[in-house]
Structures are given as structure tokens and as C-alpha cells.
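Below is one structure, written out as C-alpha cells; the observations come after it.
The values are calculated or read from the model by the stated rules, or taken from the named source; none is laboratory data. Keep in mind the model is a prediction, meaning the values are calculated, not measured. Please note: Cβ atoms are built from the backbone with ideal geometry, for glycine as well, and neighbour counts cover all protein chains shown. Note: accessible area is taken over every heavy atom of the protein model, side chains too, but ligands, DNA and RNA are not part of it. Shrake-Rupley method; radii C 1.70, N 1.55, O 1.52, S 1.80 Å.
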Amino acid sequence: MNAILKWFKKMPRSQWKLILLVASILLFIGVWYAVSWWTELRDPVQGSLVPPPDEVASSFYWLLSNKDRATGIYLFQHMFTSLERVFLGFALAFALALPSGLLMGRSWVAEGLARPIVEIFRPIPPLAWAPAFLIIFKIFWGPVAVVFLGVFFPILFNVMLGARSVDRTLIDAARTLGARRSDVFTKVVLPYTVPYLMTGVTVGLGIGWMCIVAAEFVSAEGGGLGYFILANSDFGYYPEMYAGMVLIGILSVLTTGLAGLFEREVYKRMGMD
Amino acid sequence: MIISVKDLRKVFTKERREVVALDGFDLEVLESEFVCLLGPSGCGKTTVLRIIAGLESKTSGQVLVHGKEVASSRPRVGMVFQEFALFPWRSSKKNVEFGLEVRHVPRDGRSKVADKYLDLVGLSGFAEAHPHELSGGMKQRVAIARALANEPEVLLMDEPFGSLDAQTRNLMQRELLRIWAATRKTVLFVTHSVDEAVFLADRIVVMTARPGKERESIEVLLPRPRDRTSPEFIAVRSRVLSELDEEFEKARARELSHSPEVKNNA
């Protein structure tokens, strides 16, 4: 007994963390089962409103090779629709927010001109736009526009903050070395802003995934995981509904992880790790 | 004459208050001369340097580098800052190459010049290191190499060793003299350390309290390497110190008599 205790005490922090991770997941699954049983006990006639994890898992497995009953197409297709929308919305927001943020951070004229417009749009949650965008941009691009809005502001404001806080002496040094205004912009301001940009990207991606699901609830027949979840819920196919939710969680974790990897790679390249 | 400043005046406006930083400032620096600019804080030493570097506009007067008015075209001066001002995302070598890069020197040429100057400052082994991996003294070596790589006629140094510890500071002073001897650049060096000025300079220009102008120009005729403990060194030191003390007292008296004035770090 004592030996085991000693062995436990000697374990490095990293191993403890692994054990805690496994314990945490097991705890989660346990609670899930408990809730599932409890809802079934409460109303044995209707059955469980929260399907147990194994049922969701087998439904997920089934959906991999079968068209789902509610929407009649493969889960994959919904997934790709959502991924495509998130990617497009993100790419458009990135492409527009980066130069705008740099400009607004470095030029008081640009900021004076753009800030009021930005402040008009900012307090309106992106999701409030979903119906309007559905009308304007139709079923595919409507949700893309919602994602765009969700991603745009975090990137814009972070880049603006970064561009504004560029170390004054770095610009002075560049100028005494012969840098023109354009050089200062591309070789000093832009690299200085990268860490801020990365923060904006990470935050923006998270918001993007929140936006896409809700926007797809609204744009019903446009497909996507949001629509998949809603449709299966309408038909009472709860295991499928939960499988869709799990898939969105997985995708969100994966893309955020990818952004993190990208971020680390950029820092390594820039020698700032 | 490589630097010629005549009747320079600089007025800052901060919060609607005008502060005369420099008034009637004259300075002449000869080719290959090592001049230290010394004065109480707030006397406008740094402002002089920044105007010569083209980083700050003058209110009136004439500032010539090699007979040409500065501020217009790209000035042929290099500048070294107290805060090192290295680009943290660039390696030492890439930092040194910066000036050549913006002047569109081809890659091979850049690399060669950067290697040469990194070698001169004794950092050949740290070409690929990034600033965060370097000590303060090494960072300032990179900054000096970066300024020199542009082959400027004048090297402006704004309290470059001000943030280094005493030992490193002394070492860097000796190193700077070695580099100066090797390149024969004209150096205009701002400091508030009397000891540093006497150790380094051919000539020390003591400035008055604000508005700054030249109070005294003192030739330091001691042979190099200078011994900080020698009676001759100490004699020059005490002379400079007494000049400076008077200005310091003046500045302090004014600060006490006036209502709090807008401060600027120049």
C-alpha cells in the first residue's frame, strides 16, 4: 500500500495531468448517463429525452455511411457545407479586417472616418443579422455573411490595437535606416501586429462557429450542421441531433487547434517563441 | 565640417503650452571626430540628435550634414537608441540587413555586409540569434552593427549604454572606441554621464539648461586608452562636472520657482 502511495507521489506533473484528463472525460460521460437514465425514469412512456452516450455514438457511426432520416442527405455533406461557410466567412473577414485594422490603427483620418460606421454595426449581434442576410444573400451566402460579421470585428479591433501600440523607437530606427512610409508599414507595423492578429483570429474562429449554427437554423433548407440539428430535433431523432452537436464541437476544437499550431509556427518563423 | 548646426531653435507645443527646447544652439563637428553632448536632463540633447537624424523638424535655424540640409532626402546618418530598438522578429543578421533591404541591395550583397559588421562588433557567432536571446550589451552591439551597415557618414548615439549595468557599460565604451578607431566614423554621442563623456570624447559639448544651447566646448586631449583613475582624467572630469553642476542648479532653481511646467524628455 505504502509503495503505491509513494509511486503516486513521485509521478511527474505531466502524468498527473493525463490522469486528470481521463478522469474528467469519464466523469463527463458518467454524468451524461445519469441524466439520460433520470429523464427516462421520469417519463418511461416517452422514453429518454437525452439519449445515452453509446446511443449517440452508434447513431454517429450509422450516419457516417447512411443518409439521415430527417434531411435525406449525408452528415458529411452538411459538415462540408458548414465548413465551407465558416471558411469563406472567415477568409473574407480576415482579408478585409487586416488592412482596415492596420489603416485605422495608424491613421487618425482613417480611424475618424471608419470608426463611427464600425460603432453603428458593432452593437448589433451578428445573429440579429441572420434573417436580413438570408433575404439579401440567400440560403448559402446568408450564413456566410453572419460568420463574416462575427469574425470581422475581433480581428479588426485586435489589429487596430496592435497597429496603434507599435513601439515608437522601432519606427524611428527604421526611418533612420532609410525606410520609407511603405517600408515602415510592411516591415515594422505589420510584423509588430502579428501577435494581435493571432488573438483576433482565435477569438474570431470561436465566434464563427457559434454564428454558423444559429445562422443555419434560420436558413433552413440551405443545409449545414445547424440545419441538420434543427431538422432532427423537429422529427424527434434525438441521437442524431446530439451526434450533430458533438460533430460541431469536434470541428470547433480542430479548427481552433489548427489556428494554434499555425500561430506557433508563425512565432517560430519570426523568432518569437 | 561634417555636421554644422547654426542658430537652431525648437519649440514644442504640448497642451497649448509652448516649450522652447532649443534656442540659439550651434554645433560644429569635424570629420572622424568623437563629440559627446552633455547636459542636464531636459536640456534638449536628444532633440538635437533627432533633428540631425531627420526624425524631428526644427522650428528655425540651419542643420547641415555634409553641406546638405537634413529633413529633406534620406539623411546619411545612423542612429543608435538607448532602448536598442531592435526588431524582435528578426535575427541579429536580419536586423543588420534592414537598412540595406529598404535600399534594395541584393541578397548576396546584404549578407556579405551584415557578416562584416557583425564580425566587427564581435557577434559573428550570433548571426541567427533573435534579440530576446541576447544580453543588453549584445543587443546594443547588433544595433551598432545595424547603424554602421548602412555606411553612414555620421553615427548618432542617444545614451546608448544608459540601460546597461556598470561593467557592461565600461566594456561597451572600450568596444565603441575600438569600432570607432576601425571605421573612423564621425560620432555624436549624447550622455548624461560625465565619466562616460570624458572616457570617450575628443570634445565634450556641455549644454545649458532649457532652452538648450552650447555652454562650453571642452577638448579632451588625454591619450587613449584613458585611465579613469589617473589624475589627468579626474582633472578633466571635475572641470566638466563643475560646469554641469551650475546648469543643473539653474534648472532646479527654475523648476522650483515656476509653476509645474510641461515636461518633455528631450
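Structural remarks
- Which numbered condition residue A:81 misses (of (1) at pLDDT below 95; (2) surrounded by 15 or more Cβ atoms within 10 Å (Cβ to Cβ); (3) within 20 Å of residue A:200 (Cα to Cα); (4) among the β-branched types (Val, Ile, Thr)): (3)
- Subset of segment B:170-200 (residues that are more than 25 Å from residue B:27 (Cβ to Cβ) and among the basic types (Lys, Arg)): B:174, B:178
- The set of residues from segment B:120-149 being part of a helix (DSSP H, G or I) and over 18 Å from the mean Cα position of the chain (by Cα) comprises B:120, B:124, B:125, B:126, B:131, B:132, B:133.
- Annotation note: of B:100, B:123, the sole residue that is under 20 Å from residue A:170 (Cα atoms) and open to solvent by less than 30 Å² (accessible area, probe 1.4 Å) is B:100.
- Single residue of B:64, B:38, B:30 found to be surrounded by fewer than 17 Cβ atoms within 10 Å (Cβ to Cβ), closer than 24 Å to residue B:176 by Cβ and aliphatic (A, V, I, L, M): B:30
- Residue count for segment B:48-61, restricted to those that are in contact (Cβ under 8 Å) with a residue 60 or more places away in the chain and open to solvent by less than 10 Å² (accessible area, probe 1.4 Å): 4.
- Residue within segment A:197-207 that is open to solvent by 10 Å² or more (accessible area, probe 1.4 Å) and among the hydroxyl-bearing types (Ser, Thr, Tyr) present: yes
- Some residue of segment A:67-75 being closer than 27 Å to residue A:198 by Cβ, open to solvent by 40 Å² or more (accessible area, probe 1.4 Å) and of a type in the set (Lys, Arg): no
- Helices (runs of 4 or more DSSP H) contained in segment A:41-157 and holding at least 2 residues within 17 Å of the chain's Cα centre (by Cα): A:75-106
For every residue, the table says whether it meets (1) at pLDDT below 90; (2) in the same structural domain as residue A:84 (by TED's automatic domain parsing); (3) within 14 Å of residue A:83 (Cβ to Cβ).
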| site | (1), (2), (3) |
| --- | --- |
| A:200 | no, yes, no |
| A:203 | no, yes, no |
| A:216 | no, yes, yes |
| A:223 | yes, yes, yes |
| A:231 | no, yes, no |
| A:237 | no, yes, no |
| A:260 | yes, yes, no |
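- Selected residue (criterion: farthest from residue A:91 (Cα to Cα)) from residues of segment A:120-133 that are touching a residue at least 24 places away in the same chain (Cβ under 8 Å) and surrounded by fewer than 21 Cβ atoms within 10 Å (Cβ to Cβ): A:131
- Among (1) open to solvent by 40 Å² or more (accessible area, probe 1.4 Å); (2) modelled with pLDDT under 95; (3) not in a loop (DSSP other than H, G, I, E, B) - the single one residue B:206 does not satisfy: (1)
- Among the candidates A:38, A:7, the residue that is assigned to a helix (DSSP H, G or I), without any contact (Cβ under 8 Å) to a residue 24 or more places away in the chain and within 17 Å of residue A:238 (Cβ to Cβ) is uniquely A:38.
- Here residue A:83 fulfils each of the conditions (1) on the phi > 0 side of the Ramachandran plot; (2) touching a residue at least 40 places away in the same chain (Cβ under 8 Å) apart from (1).
- Only one of B:105, B:96, B:70, B:65 that is free of Cβ contacts under 8 Å to residues at least 60 places away in the same chain and farther than 17 Å from residue B:145 by Cβ: B:70
- Restricting B:110, B:169 to those that are assigned to a helix (DSSP H, G or I), free of Cβ contacts under 8 Å to residues at least 24 places away in the same chain and either open to solvent by 10 Å² or more (accessible area, probe 1.4 Å) or away from chain A (no Cβ under 13 Å) (or both) reduces the list to B:110.
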